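In what follows, a structure is listed as structure tokens, so that the remarks can point back to it.
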Amino acid sequence: VQLQASGGGLVQPGGSLRLSCAASGTFFSINIMGWYRQAPGKQRELVASMTSGGTATFADSVKGRFTISRDYANNTAYLRMNSLKSEDTAIYYCNMNYAGRTYWGQGTQVTVSS
């Protein structure tokens, strides 16, 4: 499984970004795709995830600001981030889980700064 993430960048507080994660290779159709992030000096944490059945989970810190969606035909997950705050600054990692296996994409930097 390969996960290709894209969409990070520099944005001002209050701005928006959309991250994409395209999965390729061989994997079960029943899976969970999501995003984790790691800020300097902090542990990696779950931001949002969505099962192949469409159930979404969000970190409390992003509820109401971030949405996650999936394009099942193209094996792609999207993270729409609105009302970004400086504390959202981190490296964001795409993730896939299925059948006890975990895969990570390369990180994409999100910097929220004026």
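The values are calculated or read from the model by the stated rules, or taken from the named source; none is laboratory data. Keep in mind that what you see is a predicted model, and the values were worked out from it rather than measured. Cβ sites come from the backbone with ideal geometry, for glycine too, and all protein chains shown count toward neighbours. Quick note on the areas: whole protein, heavy atoms, side chains included, nothing else; ligands and nucleic acids left out. Shrake-Rupley method; radii C 1.70, N 1.55, O 1.52, S 1.80 Å.
Sequence-distant contacts, meaning Cα pairs under 8 Å at least 6 residues apart, place the relative contact order of the chain at 37 percent. When the alpha carbon gyration tensor of segment 31-88 is reduced to an equivalent ellipsoid, the three semi-axes, largest first, read 21, 12, 10 Å. Rounded to the nearest whole Hz, the Karplus-based 3J(HN,Hα) values (6.51 cos²θ - 1.76 cosθ + 1.60, θ = phi - 60°) of segment 36-42 follow the sequence 10, 9, 9, 8, x, x, 10, with x at glycine and proline. Here segment 1-78 and segment 93-112 have alpha carbon centers that stand 8 Å from each other. In this Cβ point-charge picture (+1 for Lys and Arg, -1 for Asp and Glu), the chain has a dipole of about 40 debye about its Cα centre.
Take the chain with all the other protein chains still there, run a 1.4 Å probe, and you get 52 Å² of accessible area per residue. Using C-alpha pairs under 8 Å with a sequence gap of at least 6, the mean separation divided by the residue count of segment 1-63 gives a relative contact order of 23 percent.
Out of all DSSP beta bridges in the chain, what portion is antiparallel? Express it as a percent rounded to 5. Before the final figure, lay out the partial values.
Values: 41 of 44 bridges.
The antiparallel fraction comes to roughly 95 percent.
Expressed as a whole percent, the accessible surface of the chain that belongs to carbon and sulfur atoms is 48, based on a 1.4 Å probe.
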